[in-house]
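Student: Shown below is the structure under consideration.
The values are calculated or read from the model by the stated rules, or taken from the named source; none is laboratory data. As the structure is a computational prediction, the values presented were derived from the model and not from experiment. For neighbour counting, all protein chains shown are included, and Cβ atoms are generated from backbone atoms with ideal geometry for every residue, glycine included.
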Amino acid sequence: MADVVLNNIVKTYNKGEVKAVNDVSFEVSKGELFGLIGADGAGKTSIFRILTTLLLPNSGTASVNGFDVVKDYKTIRKNVGYMPGKFSLYQDLSVEENLNFFATVFNTTVAENYDLVKDIYVQLEPFKTRRAGKLSGGMKQKLALCGALIHRPTVLFLDEPTTGVDVVSRKEFWEMLKGLKQQGITILVSTPYMDEATLCERIALIQNGSMMTIDTPDNIIKQFPDKLFAVKADNMSRLQNVLRNDPQIKSCFSFGDFHHIIFKNGNEHSQNELIQTLQEANFQNIEIKHITPSIEDCFIKLMN
Amino acid sequence: MKQFLSFVRKEFYHVFRDKKTLLMLFGLPIVLIVLFGFAVTNEIKNAKIVICDYAEDEATQRIINKLEAGNQFKITKSIMSHTEIENAFKKENIKLAIIFPANFNKDLLHLNKAQVQIIADASDPNTANTLTNYATAIIMDYQQELMKNNTIPLRIVTETRMLYNPELKGATNFVPGIMALVLLLVCVLMTAVSIVREKETGTMEILLVSPISPFLVIISKAIPYFFLSLINLSVILILSVTLLEMPINGSLWLLVAESTLFIICALSLGLLISNNTQSQQSAMLISMMGMLVPTMLFTGFMFPIENMPVPLQVITNIVPSKWYYIIVKSIMIKGLGFSAIWKETLILFGTTYFLLFVSLKTFKNRLV
Amino acid sequence: MTSEVVIKTDKLTKRFGDFIATNEITFEVYPGEIFGFLGANGAGKTTAMKMLCGLSTPSSGNATIAGFDIYKQTEEIKKHIGYMSQKFSLYEDLTVIENIKFFGGIYGLSDKQLKEKSNELIETLGLQREAKKLVASLPLGWKQKLAFSVAVIHEPKIVFLDEPTGGVDPITRRQFWDLIYQAADRGITIFVTTHYMDEAEYCNRISIMVDGIIEALDTPDNLKKQFSATSMDEVFYELARGAKRKSD
């Protein structure tokens, strides 16, 4: 049985004016590392708050560990771990004090479940007497994660845990999550960063309150309907204009040092024809290659 | 110059689009003027006084008629012993007693001199003075009247006694009021802000998604402030007794017990406010503005409640500090015991229970 | 007169007590350039940007912004630059039009210019139906695009952008960069910080700050060659990994 289930969840604000979550349904299996990928305002936080029983949906049903989020909220609250955005910690309590507090709130002690948080906590230990407010973003993130884990939850909800944190800490964080997965905890993570999507087992791409697709990253990439090409030349800005105005090209989006394009009626000749067109337009160092789409490519495709 | 005007225009937009601030900006002055206009009056109205007329002759009758003429006094005529008069001050909250001795008129006619005794409740020295002066003035007026028809000077001597506070110290009136004000403000403000702060920093979310009962969360918030308020109370009492020479004529333990009840009441009010506010700023505004003005006006230590128009008097009944003020004065200044203040205590207890019940019931265990 | 350089710094430093937030940074930025100013949180980026905008006085070192001295001519600097950050851009309780009028007025545009510019802006961004709505009701992506357009409404020499695309969806992000390109084409120098490494590739040159010092400054291609990396992500990770300061 799935650990987390949502059925046709709708959530509106401002008396229906703002539709934050628009008929969302999905399931997360036990022990899965599930990613909710989308921009700010897509509805990720609202979904998490409904699942952690902090918000009531306007319609639809949802359950965690088989318990209904509306009727059995008390049971759910005993068993889940939650890390809201902006790592809510007690700024004027030390690392140790914060952790001990959260353990006690869940009727347990740090010692009891230490094995679960050990790998993370060792990085915090040198700072254990420092006030949480004085920690760096990466450290706060680790402490908040420990706090959410200390009572050995069955499901862990992490709302944008990597936002506002330095690049190195972000990578370390995902390593820690992989380690946690091995302990059998179901983990739901939300993030606006597309590159983090591939680190999850299954992902949901969400935009404007609606699910665009839910699948493994690999399947989503496999389902990309068109052949994708990357194009590069000496003047990328001018190249983009030229590509966008080219009648043979359906779409062109910049991706760092390459532009990703899709041909309207692609065939084996399209690539060479384009090279010719670009040479005639006086571009130098032209490079075109066929590439596998990234999650971001898929996201953009689905948005259209 | 144009930049300046741009800024000014923008500031106007901000002000007019912030409904809450607008309410305060226009609402508050109106409320204040109306309240203060009606509540603040040094005129005496309906002051409860007792007249013991042992003489019941034409002189006393004339004076009593004059006293009854205006609406300053609510007069009860009865013959009472001194003990009974003292009790009347204690139990029935009379403000003044005027005692005419048995031979009042006879003394005037034969001795050209008579006495009247005036006893005033000086726990509020200002009112005591005003009432005494007024009564004396009326008596002197009568004296003038008599003198018109007489060549021999007549004298009515008023002997005044100020009960509870013979030195007419202002402190006796305002210290209990300050106690009420300080305890109320501190407790309400501190609990409200503390709870709302958890909401603002987001830690409240984590607490909600946990097995801990919300009841325990908010009670734990109140406990430090409970103890701090007891310390506050001790400091105020020590200062009043040593520096301001306030008496504690009644039982200290009773005073502490009643104060504890009042503190719990104020804490509950803070809890109720925090349930309905989302930002520390609102919590502070409501606690300070919302609590300060009514408490100052309606407790009765700055402006006597009897002088206010009846609708306002009714409002004062729901201000917990009013009851606490009466309790404190009764214990500290009048030296009374529980039997005298059981009604006020019951009201305070009921208010506390009600506030606690409502705040726990309306505690939001979800966001929004 | 250094008219061919819009930003020139010479050992610019900012100290807070014993802590050196920005340590003797020296670099130049040229007109119409898109200059990426990268670094992890706590590397000293925000402190540096504040100095360049005239919002914070340096502890030592020199700099000229748009030809004006960073110590003596901060008011002149402010007149010739635009600024937009993720945290604050527009007044939420004013409408789109009111915001445009206000900032246009602040930047000294005449009434006629303001009318022209604001119509142009609303056209370009497609905000005709939203013009009289409060900014608070706009989706995040539109807010950011509007904020940028307002920041350059007075065609400043340089515009400073502090993580302008944080949290925005991929399509809006690219539309935002289209606006940046258009501004650069008009000769406005863009000084931008970002956490998206693909955006680093859109810049003409990039500097990467680590522990208060500029550890690398070059074109994206050269940096990748220098660090034998295939992407800016790798370059950045190489440099940030060794950082001692990981604070906010």
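Student: State whether one or more residues within region A:284-297 are in contact with a Ser or Thr (Cβ under 9 Å, 6 or more places away or on another chain) and not in a loop (DSSP other than H, G, I, E, B).
Tutor: Residues of region A:284-297 in contact with a Ser or Thr (Cβ under 9 Å, 6 or more places away or on another chain): A:294-295.
Add one more test, that the residue is not in a loop (DSSP other than H, G, I, E, B), and what stays is A:295.
Yes, there is a match, as at least one residue in region A:284-297 is in contact with a Ser or Thr (Cβ under 9 Å, 6 or more places away or on another chain) and not in a loop (DSSP other than H, G, I, E, B).
Student: Just to confirm my filter: which strands (runs of 3 or more DSSP E) fall fully inside region A:2-59 and include at least 1 residues that are in contact with a Phe, Trp or Tyr (Cβ under 6 Å, 6 or more places away or on another chain) and touching a residue at least 60 places away in the same chain (Cβ under 8 Å)?
Tutor: Numbers: elements: A:4-13, A:18-28, A:33-37.
Result: A:18-28.
Student: Do the conditions hold for A:Pro126, that is, is it more than 21 Å from A:Tyr82 (Cβ to Cβ) and more than 12 Å from chain C (Cβ to nearest Cβ)?
Tutor: Values: more than 21 Å from A:Tyr82 (Cβ to Cβ): yes; more than 12 Å from chain C (Cβ to nearest Cβ): yes.
So A:Pro126 fits the description; yes.
Student: For region A:40-59, name all the residues that are surrounded by 17 or more Cβ atoms within 10 Å (Cβ to Cβ), more than 7 Å from chain B (Cβ to nearest Cβ) and in contact with a strand residue (DSSP E or B) (Cβ under 7 Å, 6 or more places away or on another chain).
Tutor: Matches in region A:40-59: A:Ala42, A:Gly43, A:Lys44, A:Thr45, A:Ser46, A:Ile47, A:Phe48, A:Ile50, A:Leu51, A:Pro57.
Student: What residue, among those in region C:40-65 that are at positive phi and crowded, with 20+ Cβ neighbours inside 10 Å, is modelled with the lowest pLDDT?
Tutor: Within region C:40-65, the first condition is being at positive phi, and the residues that meet it are C:42, C:44, C:54, C:61.
Those left that are additionally crowded, with 20+ Cβ neighbours inside 10 Å: C:42, C:44, C:54.
Details: C:Gly42: 75, C:Gly44: 86, C:Gly54: 86.
Restricting to residues being at positive phi and crowded, with 20+ Cβ neighbours inside 10 Å, the top hit is C:Gly42.
Student: Something else now. Any residue in region B:119-136 that is polar (S, T, N, Q), over 30 Å from B:Met246 (Cβ atoms) and out of contact with any Lys or Arg (no Cβ under 7 Å at 6 or more places or on another chain)?
Tutor: Step one: list which residues in region B:119-136 are polar (S, T, N, Q), which gives B:123, B:126-127, B:129-130, B:132-133, B:136.
Remaining after also requiring over 30 Å from B:Met246 (Cβ atoms): none.
There is no residue in region B:119-136 that is polar (S, T, N, Q), over 30 Å from B:Met246 (Cβ atoms) and out of contact with any Lys or Arg (no Cβ under 7 Å at 6 or more places or on another chain).
Student: Looking for something closer than 21 Å to B:Phe36 by Cβ and either crowded, with 18+ Cβ neighbours inside 10 Å or touching a helix residue (DSSP H, G or I) at 6+ places or on another chain (Cβ under 6 Å) (or both) - is there at least one such residue anywhere in region B:266-279? Write out each step before concluding.
Tutor: If we filter region B:266-279 for residues that are closer than 21 Å to B:Phe36 by Cβ, which is where we start, we get none.
Scanning region B:266-279, I find no residue that is closer than 21 Å to B:Phe36 by Cβ and either crowded, with 18+ Cβ neighbours inside 10 Å or touching a helix residue (DSSP H, G or I) at 6+ places or on another chain (Cβ under 6 Å) (or both), so the answer is no.
Student: Among the listed residues C:Gly104, C:Gly108, which satisfies the condition of being of a type outside the set (Phe, Trp, Tyr) and at positive phi? Give the steps one after another, and end with the answer.
Tutor: Numbers: C:Gly104 fails: at positive phi.
Result of the check over C:Gly104, C:Gly108: C:Gly108.
Student: Starting from residues that are over 11 Å from C:Ile153 (Cβ atoms) and charged (D, E, K, R), keep the ones in region C:100-127 and report whichever is surrounded by the fewest Cβ atoms within 10 Å (Cβ to Cβ). Give the steps one after another, and end with the answer.
Tutor: The first filter runs over region C:100-127 and keeps only residues over 11 Å from C:Ile153 (Cβ atoms), leaving C:110-112, C:115, C:119, C:122-127.
From the residues that got through so far, the ones that are charged (D, E, K, R) too are C:111-112, C:115, C:123.
Details: C:Asp111: 11, C:Lys112: 8, C:Lys115: 13, C:Glu123: 10.
Here the residue is C:Lys112.
Student: Taking the residues in region A:137-193 that are within 11 Å of another protein chain (Cβ to nearest Cβ), touching an Asp or Glu at 6+ places or on another chain (Cβ under 7 Å) and in a helix (DSSP H, G or I) as candidates, determine which candidate is surrounded by the most Cβ atoms within 10 Å (Cβ to Cβ).
Tutor: A:Gly138
Student: Report every pair of residues separated by at least 6 positions or lying on different chains whose Cβ atoms are under 9 Å apart, first residue within region B:200-220 and closer than 12 Å to B:Lys364 by Cβ and more than 7 Å from chain A (Cβ to nearest Cβ), second among the hydroxyl-bearing types (Ser, Thr, Tyr) and part of a loop (DSSP other than H, G, I, E, B).
Tutor: Going by the 9 Å Cβ cut-off, the qualifying pairs are B:Met204/A:Ser88.
Student: Within region A:231-252, which residues are part of a strand (DSSP E or B), within 11 Å of chain C (Cβ to nearest Cβ) and surrounded by fewer than 19 Cβ atoms within 10 Å (Cβ to Cβ)?
Tutor: A:Lys232, A:Ser251
Student: Considering only region C:130-240, give the helices (runs of 4 or more DSSP H) lying wholly within it that have at least 1 residues that are crowded, with 21+ Cβ neighbours inside 10 Å and among the charged types (D, E, K, R).
Tutor: On the way: elements: C:140-151, C:170-185, C:197-201, C:220-226.
Correct list: C:140-151, C:170-185, C:197-201.
Student: Moving to a separate point now. How about region C:212-233: which of its residues are farther than 16 Å from C:Thr26 by Cβ and either away from every other protein chain (no Cβ under 12 Å) or hydroxyl-bearing (Ser, Thr, Tyr) (or both)? Steps first, answer last, please.
Tutor: Looking only at region C:212-233, we keep the residues that are farther than 16 Å from C:Thr26 by Cβ, and these are C:219-233.
Scanning region C:212-233 gives C:Thr219, C:Asn222, C:Lys225, C:Gln226, C:Phe227, C:Ser228, C:Thr230, C:Ser231.
Student: Return only the number of the condition from (1) touching a residue at least 60 places away in the same chain (Cβ under 8 Å); (2) more than 12 Å from every other protein chain (Cβ to nearest Cβ); (3) closer than 27 Å to C:Val235 by Cβ; (4) among the charged types (D, E, K, R) that A:Arg202 does not satisfy.
Tutor: (3)
Student: Only residues that are assigned to a helix (DSSP H, G or I) and loosely packed, with under 11 Cβ neighbours inside 10 Å: list them for region B:1-19, please.
Tutor: Kept after step one, since they are assigned to a helix (DSSP H, G or I), are these residues of region B:1-19: B:2-17, B:19.
Answer for region B:1-19, where residues must be assigned to a helix (DSSP H, G or I) and loosely packed, with under 11 Cβ neighbours inside 10 Å: B:Phe4, B:Leu5, B:Val8, B:Glu11, B:Phe12, B:Lys19.
Student: Restricting the search to region A:85-104, which residues are surrounded by 16 or more Cβ atoms within 10 Å (Cβ to Cβ), in contact (Cβ under 8 Å) with a residue 40 or more places away in the chain and farther than 25 Å from A:Glu175 by Cβ?
Tutor: Residue satisfying the conditions is A:Tyr90 alone.
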